[in-house]
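A short worksheet on the structure shown next.
The values are calculated or read from the model by the stated rules, or taken from the named source; none is laboratory data. Just so it is clear, the structure is predicted and the values come from calculations on it, not from any experiment. Reconstructed Cβ throughout: ideal geometry from the backbone, glycine too, with neighbour counts over all protein chains shown. Note: accessible area is taken over every heavy atom of the protein model, side chains too, but ligands, DNA and RNA are not part of it. Shrake-Rupley method; radii C 1.70, N 1.55, O 1.52, S 1.80 Å.
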Amino acid sequence: METPSDWEDRLARWQNELELFEQLDETPWVTLAKAEAETGVSRSALRSWYRNGEIQSRLVDGPNGPQRLVQLDAVIERAAASPRIQRRAEREVSLEAQVTLLRHRVDQLELRLAALERKSPA
């Protein structure tokens, strides 16, 4: 039976192996989960890309069994070449800009309302 300490040792060894891969290659190899978190590319897209040979991947032993790794730089480059991902990123930036503008407008309206309330008799 595996104890929590055994599990932690196994996880630490696996993380050390990942760091060693990065040092050997100069290009970071990351899990699909980390690539997704860093780039916003879905795991299904990442799987499609490595299956179609658009990015490299490798299978390594992980703490829960085989783990797929991809080169983070290659994912970033491939994502930059994807019009669909670029449109989504632009929409997100656009939405963020709209929210910022709306917050500014609300602040301005609150100031005008406060000024009107001060002027009008109770």
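Okay, here's what the table says:
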| item | result |
| --- | --- |
| Nearest-0.05 FRET efficiency for Val99 and Lys34, computed from C-beta distance (R0 30 Å) | 0.60 |
| Extension gain from Asn52 to Ser5, taking 0.36 nm per residue of separation minus the Cα-Cα distance | 13.0 nm |
| Calculated [θ] (222 nm, deg cm²/dmol) that DSSP helices of n ≥ 4 give over the chain, each run adding -39,500 (n - 2.57) | -23500 deg cm²/dmol |
| Largest-first principal axis extents of the Cα set of the chain (Å) | 77, 42, 25 |
| Theoretical FRET efficiency, 1/(1+(r/R0)^6), r = Cβ-Cβ of Ser44 and Ala115, R0 41 Å, to 0.05 | 0.20 |
| Nearest-20 debye value, the chain charge dipole, Cβ charges on Lys, Arg, Asp, Glu | 1020 |
| With every protein chain in place, segment 37-103: carbon and sulfur % of accessible area (1.4 Å) | 48 |
| Leu11, Leu95, ranked by accessible area, largest first (probe 1.4 Å) | Leu95, Leu11 |
| Contact order normalised by residue count of the chain, Cα under 8 Å, 6+ apart, percent | 21 |
